[in-house]
Structure formats: structure tokens, C-alpha cells
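Written below as C-alpha cells is the structure these notes are about.
The values are calculated or read from the model by the stated rules, or taken from the named source; none is laboratory data. Values in this document were obtained by computation on a predicted structure and should not be read as measured data. All Cβ positions, glycine included, derive from the backbone under ideal geometry; neighbour counts span all protein chains shown.
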Amino acid sequence: MSPGEGERGASIPRENRPIPEPGPNEVLLRMHSVGICGSDVHYWQHGRIGDFVVKNPMVLGHEASGTVIKVGSGVTHLKPGDRVAIEPGVPREMDEFCKTGRYNLSPTIFFCATPPDDGNLCRYYKHNASYCYKLPDNVTFEEGALIEPLSVGIHTCKRAGVTLGSKVFVSGSGPIGLVNVLVAKMMGAAAVVITDLSASRLEKAKEVGADFTIQVTTETPQEVASKVEALLGCMPEITVECTGVQACIQAGIYATRSGGTLVLVGLGPGMVTVPMVNAAVREVDIRGIFRYCNTWPVAIALLASKQINVKPLVTHRFPLEKALEAFETTRRGEGIKVMLKCDPTDHNP
């Protein structure tokens, strides 16, 4: 949960709220596992991300899974006892973006833990039933919660056009960089090189399938690009930039093969200086992504068939009562994914 105005970054207060009553098309969930995202920490520390400003106390958490304990009168595909993964973005109206299948771009979308919408880091939570997806028996609650970051990788690699034989450069070895490695390899990438400042994060990247790693120290963007080319034996067709750091975006442009694609995933300053003419004259396509859409069924199928293994991403677990310790661990950049366990009777993965 998030502090109110004036308390930012000081604590993670716990608050007793009444158990919500699901509406006709909603389900009430007993929450189980909730992952902490960098955006949760940013709201806690700074009270805003871009134009999204925390004006009132807000419940954090949007990487989540739980068990259905009550269904609304109009819900037919779920029943009490079903284990589900929660897609946090729910369109509020059937606008042009929903009609074209890109509901993530709907300007009125509800999204967990984005002001003013509450998230699901709590014991009990109600959510639109159409955006709760039943988990197969062989997919754990934690895997269900990890579908949210995994979805960023799926959406990104689709937008990037990763295919059989692709050479891919991933910039940044945090959770989002790592899921992009996982998905790119699963989609047929022949070689993936990844960069980061942290040696331990690069070790994790190797563990999940990266072919080459580069620990960046004082290199210029052009030097990073040269190292990427040397390791791959060619310039990559696809670069996935997951840091939002200006120098990394510059390196991404320099590194990408002419006619290739750079996808900007990480969000940094609102204005950055980049070698735009270099990209333009070499026809490097620069694409953005905003969250994801239509990814939960794909992710569940991949996890159930064991095509993708996200379990190594979870490095820390805390009970809900130790939320502050969990958030501090994430803020310090320790481990990869910190998971909060919301059901006091079940702390299993």
C-alpha cells in the first residue's frame, strides 16, 4: 500500500478496509502472490510517474494472482476455488482502441496501482471477471503473478518482429530485460546479447538464456554498439531497450542494423537527446510499447506447456506484514523479483 501526501517514501502503512462486494461481472479474490514492480517503488518514493500523480492514499500492486471466493451474478466462466492470474488493465468503455484489439491504448482504461486506481496488494480484492484467467493445475500462483511482467516481453517481442534466426540486443538486465530474453529465445532468436551495469544480473541473464553478456562500465554508446556487433558477428536486427537511460537509447540506435527495429520499453526522462538522423538515414524503425494486450492466454499456454520458465526470476519472498522490508529490498536493487505473499495460511509459490 502507498503512503498518503506528505508521507512519501517514509513507510508502507497497512490499513484495514472492508472486504469488497463483487458486482455482477466481478469476482472477489483471496489474494495469494503479488510481485513488486519498479513502478510501485517509484510511486512510493516520488508520488508520481509522468502525468500520473498520487493525490490520495493508494493501494499498490499489479503483478498478482489469487483464488476466487465469490462470483458476481453475471459470471459464468469462473467459480469459487478457481486459481486465477489477474490482468490489471481493464477497459472502461468500448472505444476505438478496444474495437481494434489495442485496448491497452484506451485513455480511460482502469489499471491497478495507477492513480487514482487502487492495486491489489491486499488480502481481498475484487476485479472484472473477464480479466481474471484460470490457472492450470501445473502453473503456480507465483508464475501466475509473473504473467504481468512476462506479458511485457511478449508484447515487446511481437512489436519488434522477433522470429526464427533473429539476432537481438537487449539493453538492461532487470526483470523486464530478462523476460525479453526468455520470450525472444522462445520465439526463435538465434542469438541474444544483453547489457547491464550489474555482474549478478548478467549472470541471471545467462541462466535464463542470454547467449552473450556485456558489463557496461565507462563505454560510450558507440563503443557499446561495437561490442554488441563483435559478439554477435553482425549488427542485430532488433534492439529492445529496457532502461530508459539516454545513453542506452543512443547505444540502441547505433547498434541496430540498418532496416532494423528498436523498441523502447524502459521509461526515463520525458525528453532525451538521441542520434535521430543516424536512425532516419539507416531506416531504423523506433517503436514504443505501452504495457500489453491480449497476452494472458498466450502466457498461460507457454507456462503450462513448460515452453518458458519464469521461476528463476523470483529471488525474495516476504509476507504481507513485511511489505516495507520487501519494498526496501526492491528499492536497493537486490535480487530480481520480490514477491509478497498475501494469504497468511499459504506462503507456497
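May I ask you to verify whether Leu60 is under 26 Å from Gly268 (Cβ atoms) and touching a residue at least 12 places away in the same chain (Cβ under 8 Å)?
Numbers: under 26 Å from Gly268 (Cβ atoms): yes; touching a residue at least 12 places away in the same chain (Cβ under 8 Å): yes.
For Leu60, the condition - under 26 Å from Gly268 (Cβ atoms) and touching a residue at least 12 places away in the same chain (Cβ under 8 Å) - is met.
For a quick check of your reading of the model, give me the residue pairs whose first member lies in segment 330-349 and is more than 12 Å from Val41 (Cβ to Cβ) and among the β-branched types (Val, Ile, Thr), whose second is modelled with pLDDT of 95 or more and assigned to a loop (DSSP other than H, G, I, E, B), with beta-carbon atoms closer than 7 Å and at least 6 apart or on different chains.
Partner pairs satisfying both residue conditions: none exist.
Quick one: Thr239 ticks every box in (1) in a strand (DSSP E or B); (2) surrounded by fewer than 19 Cβ atoms within 10 Å (Cβ to Cβ) except a single one, so which number is it?
Failed condition: (2).
For the subset of segment 106-116 comprising residues that are surrounded by fewer than 20 Cβ atoms within 10 Å (Cβ to Cβ) and in contact (Cβ under 8 Å) with a residue 24 or more places away in the chain, which member is nearest to Met94 (Cα to Cα)?
Once the filter is applied, the top-ranked residue is Phe111.
Write out, first by first residue and then by second, each pair whose Cβ atoms fall under 6 Å of each other, whose residues are 6+ apart or on separate chains, and whose first residue, in segment 254-279, is closer than 14 Å to Ser171 by Cβ while the second is polar (S, T, N, Q) and not in a loop (DSSP other than H, G, I, E, B).
So the pair list comes out as Tyr254/Gln222; Ala255/Thr239; Thr256/Thr239; Leu262/Thr239; Val263/Thr156; Val265/Thr156; Val272/Gln246; Val274/Gln250.
Within segment 91-114, can you find the residues that are assigned to a loop (DSSP other than H, G, I, E, B) and either in contact with a Gly (Cβ under 9 Å, 6 or more places away or on another chain) or acidic (Asp, Glu) (or both)? Steps first, please.
Filtering segment 91-114 down to residues assigned to a loop (DSSP other than H, G, I, E, B) leaves 91-95, 100-102, 106-109, 112-113.
Those that are assigned to a loop (DSSP other than H, G, I, E, B) and either in contact with a Gly (Cβ under 9 Å, 6 or more places away or on another chain) or acidic (Asp, Glu) (or both): Glu93, Asp95, Ser106, Ile109, Cys112, Ala113.
May I ask you to say which residue of Gly119, Gly188, Gly172, Gly144 is farther than 30 Å from Pro18 by Cβ and crowded, with 20+ Cβ neighbours inside 10 Å?
Values: Gly119 fails: farther than 30 Å from Pro18 by Cβ; Gly188 fails: crowded, with 20+ Cβ neighbours inside 10 Å; Gly144 fails: farther than 30 Å from Pro18 by Cβ.
Gly172 is the lone residue from the list that is farther than 30 Å from Pro18 by Cβ and crowded, with 20+ Cβ neighbours inside 10 Å.
Residues checked against (1) at pLDDT below 95; (2) assigned to a helix (DSSP H, G or I); (3) of a type in the set (D, E, K, R):
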position: Tyr133; (1), (2), (3): no, no, no
position: Pro136; (1), (2), (3): no, no, no
position: Glu143; (1), (2), (3): no, yes, yes
position: Ser151; (1), (2), (3): no, yes, no
position: His155; (1), (2), (3): no, yes, no
position: Thr163; (1), (2), (3): no, no, no
position: Val168; (1), (2), (3): no, no, no
position: Ile176; (1), (2), (3): no, yes, no
position: Leu182; (1), (2), (3): no, yes, no
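Taking into account only those residues within segment 307-329 that are touching a residue at least 60 places away in the same chain (Cβ under 8 Å) and outside any helix (DSSP H, G or I), which is surrounded by the most Cβ atoms within 10 Å (Cβ to Cβ)?
Result: Val310.
I'm checking my understanding of the structure. Among residues of segment 26-43 that are touching a helix residue (DSSP H, G or I) at 6+ places or on another chain (Cβ under 6 Å) and not in a strand (DSSP E or B), which one is farthest from Leu320 (Cα to Cα)?
Looking at the filtered set, the residue picked out is Val41.
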